[in-house]
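The values are calculated or read from the model by the stated rules, or taken from the named source; none is laboratory data. Predicted model, so just to flag it, every value in this text is computed and none were measured. As a convention, Cβ positions derive from the backbone with ideal geometry for all residues, glycine included, and neighbour counts pool all protein chains shown.
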Amino acid sequence: MAEYKELLGRKFHIVPNGLDPNEVTEYLMSEAGSSDTVFKQLEQFSALQEATKTIDEAIKQAKEMAEHAKVKARTEAEQRKTQAIEEGKQIAAKIINEAGTSVLAYFDSASSIMMEAMNEAFKKAKEQVTMNRAKTREKIEKTVEEGISQTTTNIEQSGREPSSSQPGSTSPGPVNRAAGAASSNPSDPWQDSR
C-alpha cells in the first residue's frame, strides 16, 4: 500500500528520503510560471522536508530515550526491591535476636527466682524439722523421766512391802534394766550429728 502526503493541495508519494522528487518537480513546474517562483516554492518545500526529517528524528530520539528511561526505571526498581528485602531481613533478624535475648533473660530471671524460692523453702523445712526434732526429744525425755520416776516410786513402795519373790534373788527387774541401759549408753542418739 503506497503512502501519500498532501502538500500544497496535491498528494505526493512518500519515498525513503521524503517525497518523490519527480512528482514535486513536475508539480512545481506546472504550478509556477517563472523559475523564481519555482525556486521559492522549492526552497519552501525543502525547508518543509527538512522540518519533517527533524521531527522524525526527534520522535525517534524521544522513543529511544523513553525506552532507556523505562529500562533504567525497571533496573532501579529491582535494585530498590532487593535493597528493601535485604533491609527487611536484617530488621527481622535483629527483632528475632532481641526476642531471643529477652526470652533467655526471662528464663534466667525465672530460674533465679525459682532457685531462691526453693532454697528458702528448704531452709524453712530444715528449721521446722530441727524444731520438731527438739520438741520430740523433749517429749521422749520427759516421758522417759516420768517412767523412771514412776518406776522408782513403784520400786521404793515395793521395797517397803514384803516381796513375794524369793529372798536372795538378784535378777534385776525390767525397770532396772531400762535404767541401766540408759545410763550405760554414753552417746546421745538425739544429739544433732552435724
(message) When the residues of the range 1-30 are narrowed to those that are of a type in the set (A, V, I, L, M, F, W, C) and closer than 16 Å to residue 44 by Cα, which ends up nearest to the chain's Cα centre (by Cα)?
(response) 19
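Is it true that residue 156 is without any contact (Cβ under 8 Å) to a residue 12 or more places away in the chain and surrounded by 11 or more Cβ atoms within 10 Å (Cβ to Cβ)?
Details: without any contact (Cβ under 8 Å) to a residue 12 or more places away in the chain: yes; surrounded by 11 or more Cβ atoms within 10 Å (Cβ to Cβ): no.
No, not satisfied.
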(message) If residue 188 meets every condition in (1) modelled with pLDDT of 50 or more; (2) in a helix (DSSP H, G or I) apart from one, which number is that one?
(response) (2)
(message) Looking at the range 1-20, can you tell me whether even one residue there is surrounded by 10 or more Cβ atoms within 10 Å (Cβ to Cβ) and in a helix (DSSP H, G or I)?
(response) no
